Amino acid sequence: MCGIVGIVSSEDVNQQIYDSLLLLQHRGQDSTGIATMDNSMFHIYKSKGQVSTAYRTRDMRNLIGKIGLGHVRYATKGSAESIEEAQPFYVNAPYGIVLIHNGNLTNTRELEKQLFNIDRRHTNSSSDTEMLLNVFATELQSQVQNQELDPNHIFKAVRSLHKRIQGSYAAISLISGHGILAFRDPFGIRPLVIGKRVSSDNKEEWMIASESLVLENNDYQIERDVNPGEAVFISNQGEFFSQQCSDNPKLFPCSFEYVYLARPDSIMNGISVYKARLKMGDFLAETIKKTIKSGDVDVVMPIPDSSRPAAMQVARQLGIEYREGFFKNRYVGRTFIMPGQQKRKQSVRQKLNAMSTEFKNKNVLIVDDSIVRGTTSKQIVQMAKDAGANKVFFTSAAPPVRYPHVYGINMPTRKELIAHNRSIGQIAERLEIDNLVYQSIENLKKAIIDGSCVQDLDMCCFTGSYVTGNINEEYLDWIEMEYKS
């Protein structure tokens, strides 16, 4: 999972990109990078860590240009510690291309051989983004062959790229001297939203980003999402071109975006994240009624922040008091995207504090957005007990996470998932709780897509069904071996 943004403006874009990356910080905390284009010259700066501490004044001054892109990274491929893995990536031919990417490619083993043996291209990192860039550069070079570049060449290159690449990818790229390109995989797994505004001198300005809140915050009008398999090219002069580049596009947005990853004030694929989370709470309440006796619960409490909407609806539907029992330290990052299990364990108590006045002698129903590894959940349960809770019931607004997620979320191994090959009773026993209630798969799907134009979702971590169709046991075993190494 990463956050990406690209801008075509009538003024220098460095500050706009910086501000946008601050808004996307929840999508990645490992590293960040900005690239701008001044005529045909690229200016690139990359750094480890979060946006607010990564860029100094002199770094920003060097990022000259009215077109640019930015990235925040949460490592799912390659090392989180190496600046060499940070995006954007650059190749010098053809023209000079810079690219950023959100997602995970799932045929990297085949691509590595193709790039070296057939395309004669060298990659300098283990990043699948660098592979994606080199595949695009190869296909664009084969389309141009000393001709003047036009949008049709670019779209043909993306069409060829779709035939070679498997997995999830929402990408934004700068082509030196020409403009900015954005494209999305044929399943639309990772989000990408287009916005437009008119400048004071009556010129059209464009922004493309992972989430709609970035566009709105910068006063861009939301136009639409980049469609699955579609490519969008915006020239240096702000001319907008688009084309469907996939033979069989189908929309399967990632369900986990709506459960946890995206900010609640975003709209992606025409679906409000906040409203989807409210509906998750409504459906979850119906399941709780069938599982926990009426009168057994004194208060409903969320784990801040992403579970609040669901918890509010649970309390409302059950007619039980809603209370905030956990106080969040906002200077600690999101524990789910902390690299390494030990760091996640350390950060939970730094991040949350249980207020004993809200727990003492009460039967508490805790609502969380999801339970992945169980590390955070177990510590939260213990914190509630230490604060004086009489009984602790735990609920998840998402179904059990039983399978690896291979499309850009750090759930690569089956053994680390608490729900893998365990019953709900066994999970409750490991978490040391009085009762455990999960959302059903069917209700999660209804909560997200009801009333929208979306027909289906990628729910691979809940169902084990992978929409790209190329994931098998051998691949999952290989992923686990790579993760261990």
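Just so it is clear, none of the values below were taken in a lab; they were calculated from the coordinates. These numbers were taken from a predicted model, which means no experiment stands behind them. Please note: Cβ atoms are built from the backbone with ideal geometry, for glycine as well, and neighbour counts cover all protein chains shown.
Spelling out what I want: for every residue of segment 429-446, take phi, set θ = phi - 60°, compute 6.51 cos²θ - 1.76 cosθ + 1.60 (Karplus), and round to whole Hz; glycine and proline get x.
So the Karplus estimates, Gly and Pro as x, are 5, 5, 7, 6, 10, 7, 7, 10, 10, 10, 5, 7, 4, 4, 6, 4, 4, 5 Hz.
Size of the dipole of segment 157-208 about the Cα centre, Lys and Arg at +1 and Asp and Glu at -1 on the beta carbon, nothing else charged, in debye to 20?
Using only the charged Cβ atoms, the result is roughly 260 debye.
Determine the shape class of segment 2-251: with a ≥ b ≥ c the square roots of the Cα gyration tensor eigenvalues, call it rounded for a/c under 1.5, and otherwise prolate if a/b is greater than b/c, oblate otherwise.
It is rounded, given that a/c, with a ≥ b ≥ c, falls under 1.5.
Provide the percentage of antiparallel DSSP beta bridges, counting only those with both residues in segment 272-484; round to the nearest 5.
Among the beta bridges of segment 272-484, antiparallel pairing accounts for roughly 20 percent.
Please compute the contact order of segment 364-485 in relative form: average sequence separation of alpha-carbon pairs under 8 Å and at least six residues apart, divided by the residue count, as a percent.
Relative contact order of segment 364-485: 28 percent.
Using only Cα atoms, tell me the angle between helix 128-144 and the longest principal axis of the chain; keep it within 0 to 90° and round to the nearest 10.
On a 0 to 90 degree scale, this one is about 30.
Write out the trypsin sites (Lys or Arg not before Pro) in segment 102-145 meeting two conditions: DSSP loop, and at most 13 other Cβ atoms within 10 Å of their Cβ.
120
Helix 151-164: angle to the longest alpha-carbon principal axis of the chain, degrees 0 to 90, nearest 10?
Its long axis makes an angle of about 50 degrees.
How far is helix 273-291 tilted off the main Cα axis of the chain, in degrees rounded to 10, range 0 to 90?
Helix 273-291 and the main axis of the chain meet at about 30 degrees.
Given H placed 1.01 Å from N in the peptide plane, which residues other than close sequence neighbours of residue 458 have an amide H under 5 Å from its amide H?
Those lying under 5 Å, H to H, from residue 458 are 254, 255.
Would you order 265, 434, 225 from fewest to most other beta-carbon atoms within 10 Å of each residue's own beta-carbon?
Going from least to most buried by this count: 265, 434, 225.
Ordered by residue, what ³J(HN,Hα) values in Hz, to whole numbers, does segment 311-318 give under the Karplus form 6.51 cos²θ - 1.76 cosθ + 1.60, where θ = phi - 60° and Gly and Pro are x?
So the J values, rounded to whole Hz, are 5, 4, 6, 4, 4, 5, 5, 8.
Under 10 Å from the Cβ of residue 323, count the other residues' Cβ atoms, weight Lys and Arg +1, Asp and Glu -1, and hand me the total.
Residues close to residue 323 contribute a combined charge of -3.
Quick one: order 206, 478 by neighbouring beta-carbon count within 10 Å, fewest to most.
478, 206
Under the rule of -39500 (n - 2.57) per DSSP H run of 4 or more residues, summed and divided by the residues of the chain, what mean residue ellipticity at 222 nm is obtained, to the nearest 500 deg cm²/dmol?
Dividing the helical sum by the residues of the chain leaves -9500 deg cm²/dmol.
In percent, what relative contact order does the chain have, based on Cα pairs under 8 Å that are 6 or more apart in sequence?
13 percent
Toward the positive end of the charge dipole of the chain, about the Cα centre and with charges on Cβ (Lys, Arg +1; Asp, Glu -1), which of 419, 100, 175 goes farthest?
419
What is the Cα convex hull volume of segment 169-218 when expressed per residue in Å³?
85 Å³
What net charge do the residues around residue 93 carry, taking every other residue with its C-beta under 14 Å from that of residue 93, with Lys and Arg at +1 and Asp and Glu at -1?
Spelling it out: positives minus negatives among the neighbours equals 0.
Determine, for 280, 355, the number of other Cβ atoms within 10 Å of each Cβ, and report the residues in order from fewest to most.
With the sparsest Cβ surroundings first, the list reads 355, 280.
I want the local charge near residue 53. Using Cβ-Cβ distances under 15 Å, sum +1 for each Lys or Arg and -1 for each Asp or Glu among the other residues.
Local net charge: +3.
Can you tell me the dipole magnitude for segment 9-61 around its Cα centre, using point charges on the Cβ only (Lys, Arg +1; Asp, Glu -1), in Debye to the nearest 20?
Dipole of segment 9-61, to the nearest 20 debye: 260 debye.
I'd like the trypsin sites (Lys or Arg not before Pro) in segment 292-323 restricted to DSSP loop residues with at most 14 other Cβ atoms within 10 Å, sorted by number.
For trypsin sites (Lys or Arg not before Pro) across segment 292-323 that sit outside H, G, I, E and B with at most 14 neighbouring Cβ atoms in 10 Å, the list reads 293.
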